[in-house]
Amino acid sequence: MTGFLALLSSLIWWVLYGSIGAVVPSAIAWIVLRWSEGAPVVFNRTYLACLIWSLLTLLLGAIAAAHVGVMRPPFGPLIASGAFRVALVISMLIGVTALWRLIPRVDARRIRIGSACVAVAAVMAIVFGVATTLTSA
């Protein structure tokens, strides 16, 4: 029973931290998608897509960190590893797919896949820039 409660607690914290981590990327993606599409997009669906993307990215990052063996700071060796780079590419593909499939425009048409690629690229550039700045400090 203790093991089950520990697993349940870990899942709750994973979803909680994932939802907190999805707020800023969803705001960035929403702004980029409004600009790229030239039409309003639904923010709630943008948040849902970024939440799914964030949860899967946390899972991929943890798998890559466990594979490399870097579970505590400094994270320089993790960022320089090939496993982390593969995890980033997979994360971006998941992000593009989630955004493209889940986000409608206000006129009920799906956003273009190019717009999803631009939004994911903008989010990854900003987040990776902030992460490398914090890691090198």
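The values are calculated or read from the model by the stated rules, or taken from the named source; none is laboratory data. Because the structure is predicted, anything quoted here is derived from the model rather than measured. In this analysis, Cβ positions are derived from the backbone assuming ideal geometry, glycine residues included, and neighbour counts consider all displayed protein chains. What goes into the accessible areas is simple: the full protein's heavy atoms, side chains included, and nothing from ligands, DNA or RNA. Shrake-Rupley method; radii C 1.70, N 1.55, O 1.52, S 1.80 Å.
Overview of values
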{"quantity": "Residues that are open to solvent by 30 Å² or more (accessible area, probe 1.4 Å), of a type in the set (A, V, I, L, M) and closer than 13 Å to residue 29 by Cβ, drawn from the range 81-109", "calculated": "92, 102"}
{"quantity": "Selection status of residue 112, more than 14 Å from residue 36 (Cα to Cα), open to solvent by 80 Å² or more (accessible area, probe 1.4 Å) and out of contact with any strand residue (DSSP E or B) (no Cβ under 6 Å at 6 or more places or on another chain)", "calculated": "no"}
{"quantity": "Condition broken by residue 49, with the remaining ones in (1) of a type in the set (Gly, Ala, Ser); (2) surrounded by 14 or more Cβ atoms within 10 Å (Cβ to Cβ); (3) touching a Lys or Arg at 6+ places or on another chain (Cβ under 9 Å); (4) modelled with pLDDT under 95 satisfied", "calculated": "(4)"}
{"quantity": "Odd one out for residue 119, checked against (1) of a type outside the set (Lys, Arg); (2) in contact with a strand residue (DSSP E or B) (Cβ under 9 Å, 6 or more places away or on another chain); (3) at pLDDT 90 or above", "calculated": "(2)"}
